[in-house]
1. For an R0 of 45 angstrom, estimate the FRET efficiency from the Cβ-Cβ distance between residue 56 and residue 172 and round to the nearest 0.05.
2. Kindly provide the GluC sites (Glu not before Pro) of region 4-84 that DSSP labels as loop, not H, G, I, E or B, and whose Cβ sees at most 14 other Cβ atoms within 10 Å.
3. Evaluate E = 1/(1 + (r/R0)^6) for residue 427 and residue 364, where r is the Cβ-Cβ distance and R0 equals 25 Å; express this FRET efficiency to the nearest 0.05.
4. Can you give the FRET efficiency to the nearest 0.05 for residue 378 and residue 130, using r as the Cβ-Cβ distance and R₀ = 35 Å?
5. Taking the alpha carbon gyration tensor of region 224-299, what are the square roots of 5 times its eigenvalues, largest first, to the nearest whole Å?
6. Pick from 362, 427, 143: which residue has the top mean-square fluctuation in a GNM of the chain where Cα pairs under 10 Å get a spring?
7. Rounded to the nearest 10 degrees, what's the angle between the helix 83-94 long axis and the longest principal axis of the chain, both from Cα atoms, 0 to 90?
8. Divide by every residue of the chain the summed helix terms, -39500 (n - 2.57) for each DSSP H run of at least 4, and state the resulting mean residue ellipticity at 222 nm, rounded to the nearest 500 deg cm²/dmol.
Amino acid sequence: MSGFTTLQLHGGDAPADAHAARATPLYLTAGFVFDDADHAGERFAGGDGGLTYTRYGNPTVEAVERRIAALEGGGGALLLGSGQAALAIALLGLAGAGDRVLSAASIYEGTRGLLLENLPRLGIEADFVEDAGDLAAWEAAIRPGTRAVFVESIPNPKNDLVDLDAIAGLAHRHGLPVVVDNTLATPYLYRPVEHGADVVVHSASKFLAGHGTVLGGVIVDAGRFDWEPERFPQLFAPTRVGGPSPAERHGALAFIGHLRDDVAPRFGPTASPFNAFLIQQGVETLSLRVARSNENAIAIARHLESRPEVHSVDHAGLASSPYHAIARRDFPRGAGSVFSFTLRGGRPAARAFIDAVSLFTRMTHLGDVRSLIPHPASTTHTQRSDDELRRAGIWPGLIRLSVGIEDLPDLLDDLERAFTAVAALERAAPPASARPELTATEP
Ligand SMILES: *Cc1c(COP(=O)(O)O)cnc(C)c1O
């Protein structure tokens, strides 16, 4: 099996169940029966590798884990209840009180909040690198307590791609694992493990599930990081009663084994087998959906760039993007279908634009088969100060698109309707400032 689409259908297939079901069966069960008292004891001792309780393992959930691990080129995976659960559990498995996480500044707002507010309450501090392209800045920010380096493969809304090979090379020279949120790229466009990532995280709620129906998250362990016992003692500690450590139990997959055995089941953000079933269905068409969304997205990005009402378009697939060279080198199948553009007319124009669409859905989700349109400055990014928004390039006139698989002419028609609304607004009230896209002319 070598083709991605073959792998998304067959990767990680287990022997058929008792009824030889072709599709992955849905095991909607809390627990699994023991034959007798001794059998129960063996199960708990881990003897026969069988299942006990769905928080520790479930056949439907494990089928998805094997398939996503195969698609990402990793050694093992853990499916959890949401993308945020996956990020929290991955970071809690790496860092404890007194440790630090080093992150790019341009990351998903939920993760940024986790690093800025929740983890510090547990004694885990975060450092941020403002310009992720500045290797010297990464190096200067590594401290003795740093335990992980974190980036996103396609940050949103600005599509400011990172040179993962360079960042991973630097992190590894300092003995640090690299965690990559690959949600927007999906393994079809980009496999972080091939660029040096040690741990890959996804919000499976997005492209993997793909249909905007369920939440899920996944952590993939590349299975090749050389964990040092001094920095990661949790992987080398015996159990409370002197049993084997994660490293002894799981070898090269000590990290994901530790998360599966000791971290995720105790904090408890378990994936529902029902959601796992729907994620598996989504994964089976991933390449087709992502390829189609990409074709639509780059065509729309080029169209937007040609419009006089548009100040700028942030899509790394465009030659005008400062990240185009990375896109050309590392994203041969396209740089994704979630991007933003900024209207010259600032916030009033953005509001008129968003109000006028009828095919694009006004929603903050992404990676759906349907096209979605949110206004980051007034929705997803309201926890940033005006100064932080300006530094991140999230202007009042910036609109994000997550382009779906609809027919391109229908999407372009919908955008045309929105441009007509913007023109009508500007005829009625011309922008007051010369650079309205940069000014918050209204709250
Ligand atoms: C949506 C998203 C998350 C959070 O995932 P949920 O499934 O909503 O918890 C994390 N990272 C990125 C890049 C996302 O887009």
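Where a number appears in this text, it was derived from the coordinates with a stated rule and is not lab data. Predicted model, so just to flag it, every value in this text is computed and none were measured. With ideal geometry, Cβ positions are generated from the backbone for all residues, glycine too; neighbour counts draw on all protein chains shown.
1. Numbers: r = 32 Å, r/R0 = 0.71.
For residue 56 and residue 172, the calculated efficiency is 0.90.
2. Values: sites: 42, 62, 65, 72; in loops: none.
Here no GluC sites (Glu not before Pro) fit, given the DSSP loop and packing criteria.
3. Values: r = 30 Å, r/R0 = 1.22.
It comes to 0.25.
4. On the way: r = 24 Å, r/R0 = 0.67.
E(calc), rounded to 0.05, equals 0.90.
5. On the way: eigenvalues 276, 61, 19 Å².
The three semi-axes for region 224-299 are 37, 17, 10 Å.
6. Residue with maximal mean-square fluctuation among 362, 427, 143: 427.
7. Rounded to the nearest ten degrees, it is 50.
8. The helix contribution divided over the chain gives -10000 deg cm²/dmol.
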